[in-house]
Structure formats: structure tokens, C-alpha cells
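The values are calculated or read from the model by the stated rules, or taken from the named source; none is laboratory data. Bear in mind that the values here come from a model prediction, so they are computed numbers and not experimental data. Backbone-built Cβ (ideal geometry, glycine too); neighbour counts: all protein chains shown. Side chains included, ligands, DNA and RNA excluded: accessible areas come from the protein's heavy atoms. Shrake-Rupley method; radii C 1.70, N 1.55, O 1.52, S 1.80 Å.
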Amino acid sequence: MGYHQDVHRSFLILLIFLAASADSIHAATKMEAEIYPLGLIDFDLAEKIAGAIVSEDGKLVAQKAQNRLILYDYPEKHDALRKALAKLQGPIQHVRIQVAFKGVNDAQFDGASVDGRARVGSVVVRTPGAPADDSVRVNAQQTHISGTSLIQQELLVISGGKAHLHIGSEVPYADWLWSYGLRLGVWGGEVRWKNVGAQMAVEPWVMGNNVRVRLTPEFSYVLDRETLTTAIEKLTTEVVVQNGQEIELGGLPASDREFYSRFLVGYNHRGEKQSLRITLKPTIETLQTFGPGDGGADNRNVGRFRSR
């Protein structure tokens with residue numbers, strides 16, 4: 001019995017000695033502070049990984065506004081964080097979105113003219129083309145003009161980022177859209193907006209050779225001299241398309257067709273209403289970064305895009 005107690009006591013003494021030795025080694029090792037700019041690395045992911053690496057004695061400061069981490073810790077912890085961040089700094093994927101706005105406007109003009117012949121005393125007043133007798137003929141005329149316009153633009157968005165498509169600086173159906181938002185509970189009854197513009201938030205994610213695109217209609221408006229933006233989250237739509245495949249906004253499986261029939265409408269330069277047919281074509285591109293020794297570049301933020 002005494003033998004086992006001696007072994008147990010010796011084992012405890014050994015553990016205490018090893019712990020004291022580890023503490024003395026750490027005490028002899030000078031802790032260092034270092035700043036880690038994250039560049040295009042996902043901030044939340046980097047913070048989570050660094051939080052798992054930092055020691056009990058160390059301190060981690062995450063500065064999201066400056067997009068950087070500050071670590072005060074032992075050298076081996078800095079080595080571990082550098083290696084982890086290096087693995088995250090792979091090729092950066094972007095989505096180039098080609099946007100085509102095709103506007104279709106219809107205009108109808110109504111007009112009338114009067115031809116006639118009348119006698120005033122001994123004077124006969126007659127318009128060209130008037131009837132032979134003293135009568136009046138009314139000529140009605142209706143002209144219908146239709147036309148189209150095409151505007152193209154490109155957006156370059158990092159995977160997981162957000163961009164905006166400008167629909168119109170002034171929406172023709174502002175009152176109807178306000179009532180619609182009121183029914184959805186997007187804003188309260190006290191809202192009386194003006195200078196209402198429309199835009200579409202576009203958020204792409206790269207998924208292998210596919211792109212998942214989230215689309216959310218938004219309104220910008222003036223309320224009590226303050227410019228505000230409100231997103232209609234209840235009408236957010238997500239679609240998954242192949243790389244290079246076109247999407248037509250009017251053909252999305254939207255929950256309310258009536259809303260989009262009024263949302264995707266604008267004014268042309270003559271102030272005429274025009275329906276907008278908007279197509280998006282997302283293409284996956286990879287930003288290849290390179291540093292010293294790679295193509296003679298001295299800045300690791302330098303790179304070039306390559307399409308798939």
C-alpha cells in the first residue's frame with residue numbers, strides 16, 4: 001500500500017515539475033505584438049481562427065473597421081496564426097455581372113382638326129378641304145409610337161459581396177408601391193415618401209461552377225429631409241445558375257408578379273413610362289495574387305483576373 005502511495009506522490013511531483021518548467025519556459029519567452037492586415041480574407045472567419053489560437057496569457061484585438069487583427073502572444077502563436085491566414089489567402093473569386101437594360105415604351109397621341117365653310121354677311125370663310133356646303137367636318141387622328149432602348153453595364157463583385165442595380169431615379173407608381181409596403185408592414189403609416197427611386201441589391205456566391213444570386217428590391221426616398229433606403233426583404237429571391245447563364249428579372253419565381261410589374265418600370269429621357277426588361281449574366285473570375293518573385297511584382301495586393 002505504501003509503495004503505491006509513493007508512486008502516486010512521485011507522479012504528482014513530476015507533473016508539478018513539468019508544469020513549473022513550462023511556465024518558466026514561457027516566462028523566459030518574450031511575448032510580442034503584431035498587426036495582421038486581412039486584405040480580402042473573410043474577417044469573421046479569421047477572427048474565429050485567431051481566437052482558437054491565442055493563448056491564455058495572450059490577447060487578441062479584432063478591428064473590423066480597419067479590417068485587421070492585433071495579436072499579443074508568444075512567438076509560436078504568431079507562427080500558427082501566420083500559417084492559418086496563409087491558407088485562407090487563396091485565389092480570390094469574383095463574379096463579373098453583365099447587365100442589359102432593355103426599355104420598351106409605348107406612346108399614343110390623340111389629335112383633332114376641324115374643316116368647315118361659313119358665311120359671315122357677304123364674306124365666306126372656308127378652310128382648305130372644307131365641304132362645299134356650309135357645314136363643319138371634324139377630323140380625328142390617333143398615332144401610336146413604340147420604341148426600345150438598350151443600356152448595358154458591368155458589375156464586378158467579390159463572392160459573398162453586394163452590388164446594386166439602378167432601376168430608376170423616380171418610380172412611376174410610387175403611391176401604389178407605398179401602399180404595397182404598408183400592407184407588408186415594411187414601413188409605418190406615418191411614412192410619406194417623395195423622390196422615390198428603385199434599385200436591386202445583387203449578392204452573388206460562387207458554388208463550384210455555379211453562381212447563387214440573391215436579389216432584393218430596394219427603395220431610396222426622402223422622408224423629412226432625410227434620404228433613406230429600405231430593402232423589401234420579404235421579396236428576396238435566390239436563384240442558382242450555371243457560370244455564364246443569363247437571368248431575366250421579370251422571369252424570376254417572384255412571390256408577387258404585380259409588384260414587379262410596377263417595380264421594373266421607369267421613365268425615359270422624354271418623361272414617358274417604359275417597362276424594363278433586365279437580364280443578368282454572371283461569370284466567375286478568379287483574382288490571381290502574386291508577390292515578390294512572381295512576375296516582378298513587389299506588392300502582394302497586385303493581381304490579375306482570369307475568367308473560367
Once phi is turned into ³J(HN,Hα) by the Karplus curve 6.51 cos²θ - 1.76 cosθ + 1.60 with θ = phi - 60°, what whole-Hz value does each residue of the range 64-77 show in order, with x for glycine and proline?
-> 5, 4, 8, 6, 8, 10, 10, 10, 10, 6, 6, x, 5, 6
Segment ARG214-LEU182, length gained on full extension (0.36 nm per residue, minus Cα span) | 9.2 nm
Extension reserve of the THR236-GLU47 stretch, reckoned as 0.36 nm per residue once the Cα distance is removed = 65.1 nm
Would you calculate the separation in nanometres between label points at ALA84 and LYS64, each defined as 7 Å from the Cα along the Cα-to-beta-carbon direction?
-> 1.8
Show LYS281, LYS162 ordered by accessible area, largest first, where the area counts protein heavy atoms only and the probe is 1.4 Å.
-> LYS162, LYS281
Amide H neighbours of SER159 at under 5 Å, excluding residues fewer than 5 places away on the same chain, with H built from the backbone geometry, are GLN93, HIS94, VAL95
Of the accessible area of the range 54-98, computed with a 1.4 Å probe and all protein chains kept, carbon and sulfur make up a percent value of 48
Which entries in LYS64/LYS87; LYS48/LYS87; LYS30/LYS77; LYS48/LYS162; LYS48/LYS77 show an alpha-carbon gap greater than 18 Å?
-> LYS64/LYS87; LYS48/LYS162
Neighbourhood charge, 14 Å Cβ-Cβ cut-off, centred on LYS30 and excluding it, Lys, Arg +1 and Asp, Glu -1 | -4
So, with points 7 Å from each Cα along the Cβ direction, the LYS30-LEU150 label distance in nm works out to 6.8
In the full protein assembly as shown, how much of GLU238 is accessible to a 1.4 Å probe, in Å² to the nearest 10?
-> 80
When each of LYS102/LYS234; LYS194/LYS273; LYS59/LYS234; LYS83/LYS234 is checked by Cα-Cα distance, pairs over 30 Å = LYS59/LYS234; LYS83/LYS234
Estimated distance in nm for a label pair at ALA100 and ASP224, the labels positioned 7 Å out from Cα along Cα-to-Cβ | 4.5
Just add up the charged neighbours of ALA163: K/R +1, D/E -1, any other residue whose Cβ is under 15 Å from the Cβ of ALA163.
-> +1
Please list TYR72, TYR173, TYR180 in order of solvent-accessible area, largest first, computed with a 1.4 Å probe with all protein chains present.
-> TYR72, TYR173, TYR180
